[in-house]
Amino acid sequence: MEIKYSIQGLLIYATIAAYLCAFVTSLLRREKTGHILYLFGFAIAVFSFGYRWYHVRHVPLQNLFEVFLCLGMIYPVSLFCRRILRVGGYSADMLIGAIVLFPAGFVFNAEPQQLPPALQSWLFTPHVAVYMLSYIIMAKATFQAISQLAGKGPNPNENLLPPEQATYRIICIGFPLLTLGLVLGSYWGKKAWGDYWGWDPKELWSLASWLVYVGYFHFRYMFGKKHPRINSAWAIAGMAAIIITLLWVNLSRLFPGLHSYAT
Amino acid sequence: MWVALALIVFLLFLSIYGAFIGAARAKSFISRLPVVAYWSAFLLLLILGLVVFRRLVRVPGLLLIHTGCVFILAGAMWSSENGHKLQKKLFGIDKITTGQMRIHEGHSDNHVILEDNKQIKELPFSIELKDFQIEYYKPEYLHIQTRDGQGWRIPVEIDTEFPLGPEFGTVKILKAFENFKITIEGESKKIIDDPQPGSNPALEVQITPPQGQATNRYVFERFGGHARPEDKFALSYRRVISDYISRLRIIKDNKVAAEKDIEVNHPLSFGGYHFYQHSYDAEAGQYTVLMVVSNTGLAVVYAGYWMLCIGVIWHLWLRHIVARIKLKNA
């Protein structure tokens, strides 16, 4: 762990602070102030991402630091889920934003790297961006699943979906993105390395993550009404697979492979 | 449906197992007979599911998703090593599945070393390497590090002096070499940048301490410097590769059939094969290593990808939006 005494580091810490203040303010039932702080934090997160983009001169999605910087721009997903999908957990999203920025701010190496030849493709940005968007959406689904298991629901006055239905709706949004990410990665693998499926640990864990959600849909269709808690367990298992795909595969020596440039 | 869920869970555990054993062993494991039987069963059950469960056919999104999976599986099986063996048995088509070619600059070859590194097969055409180039990001950098961890990254700009602070003085890069060589002429040594084939990148660096004589040193990219006890700095020269380019020409029936500059992410497609920039001569940059891959089954796999993506997007996103629009209009 190290403190980053740079403009980039300060921007990340400011974003974390804004998100945490927004979260605490929302818990104290000052929703309007919380919303303003959340929006302010998002603005800093966007500026931070843009600053990194300017600094490295390519879309900053190359390593874990940049990817987690991107994940910190969670506000649009929050707003979409709240306004369009009628899904709660707006305050929890502020906490998610702070949590994902923590490793970017204190753990991951922020040393800029030039893009190696393998990453110089038009597919680089859509493949990674689509995956990151799906991950943040599935993280939100996981919070709803945990709420369902904890027996917590939204306020009846808020006109929001119950947690199990909310989990399903959010997964319906995230799953096509997960599928797109997997397919784009496969297509890119064919273009770059000659194989659309190299049995690389990253590819296999990505497939495993995708299959958990395939299993979720099948299980929910067959038994969802009788066993809503198991539906939520599937969603949480999916998030566990995603965390392994994103972190453990990249950071552990247990899984060396073609995706090692992502560390 | 129970069977479908069981197959999905089994594939999930198979993927996790494959991730733990590593790519090479996973690839070998997946081609073994019991696993091939599993793939075949999975494919047949997917097709059977489409026949038995009417909903999968009636609902367009579900039809696309499941048919897409059939296409992906079928295409993947057809393009595998076993699939190629089956093609040879059934149709007499003898194609190379995967292999590598090492071609020297100015030469042509049609021999492909197969994946087992033992067998060699010939292509029905040859490939000539006109030229091989490596490009580096600019500027290149000289890295300087002191014993107490202080460091500088100096861009390679000839004859530009860079201050290192009052304690350490200044540094100037006098010359950059692509192929550093020492020749002996009579009794004297001469340092040249050899135009002959070879690669020994180096920098001539002049360090001027705050009080004292300037000293010249050579820093080699490929060989780490030997630090002497009196040295205040460790110097290293690093270049970052931005691209590798192989200028290729396909010769068939003594005529040039195709020409392309291939790079990573920009392969050459010809004669039922794709040719990828795989590796190169790291010593002297005189040869390229191409990966040769058969394109059998690829169109089927890609069709499956399209169907899967369109099916998922339609079923989970678009049909709800369309239904809402219809409701609004009604």
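None of the figures in this text is laboratory data; all of them are computed from the coordinates on show. For clarity, every value in this text was computed on a predicted model and none was experimentally measured. Here Cβ is always computed from backbone atoms with ideal geometry, including for glycine, and neighbour counts include all displayed protein chains.
For this structure, a couple of remarks:
- The calculated 222 nm mean residue ellipticity attributable to helices in chain A amounts to -23000 deg cm²/dmol, summing -39500 (n - 2.57) over DSSP H runs of n ≥ 4 and dividing by all residues.
- Among the helices of chain B, those built from whole DSSP H runs whose Cα atoms reach 24 Å or more along their own axis and whose mean Kyte-Doolittle hydropathy is at least -1.0 are B:2-21, B:33-52, B:60-79.
- Exceeding the 18 Å Cα-Cα cut-off - candidates B:LYS138/B:LYS175; A:LYS4/A:LYS140; A:LYS190/B:LYS27; B:LYS172/B:LYS232; B:LYS27/B:LYS89: A:LYS4/A:LYS140; B:LYS27/B:LYS89
- Cα shape, chain A, gyration tensor, a/c 1.5 rule: oblate
- Among B:GLY224, B:GLY186, B:GLY297, the residue with the largest mean-square fluctuation in a Gaussian network model of chain B, with springs joining Cα atoms closer than 10 Å, is B:GLY186.
- Sites A:ILE84 and B:ASP159, calculated FRET efficiency, Cβ-Cβ separation with R0 60 Å, nearest 0.05: 0.45
- The stretch between B:ILE192 and B:LEU318 holds 38.7 nm of extra length on full extension. This uses 0.36 nm per residue minus the Cα-Cα distance.
- Theoretical FRET efficiency, 1/(1+(r/R0)^6), r = Cβ-Cβ of A:ILE243 and B:LEU86, R0 41 Å, to 0.05: 0.55
- In summary, the lysines within cross-link reach of B:LYS252, defined as a Cα separation below 18 angstrom excluding same-chain residues under 8 places away, comprise B:LYS95, B:LYS121, B:LYS130, B:LYS260.
- Residue-span extension gain [A:VAL107 to A:TYR221] - 0.36 nm each, minus C-alpha spacing: 36.9 nm
- Net length available on complete extension from A:HIS58 to A:ALA233 is 59.1 nm, with 0.36 nm assigned per residue and the Cα-Cα distance removed.
- Under 12 Å from B:LYS85, Cα to Cα: aspartates and glutamates that are on another chain or at least 8 residues apart: B:ASP94
- Projecting the Cα atoms of A:TYR196, A:ILE146, A:VAL59 onto the dipole axis of chain A, where Lys and Arg carry +1 and Asp and Glu carry -1 at the beta carbon, places A:ILE146 farthest toward the positive end.
- Approximate spin-label separation B:THR146-B:PHE10, in nm, with each point projected 7 Å along Cα-to-Cβ: 6.6
- The protein assembly as shown shape via C-alpha gyration tensor axes, a/c threshold 1.5: oblate
- Whole-Å distance, taken between Cα centres, linking region B:46-91 and region A:39-109: 39
- Measuring between their Cα centroids, region B:217-265 and region A:201-217 lie 38 Å from each other.
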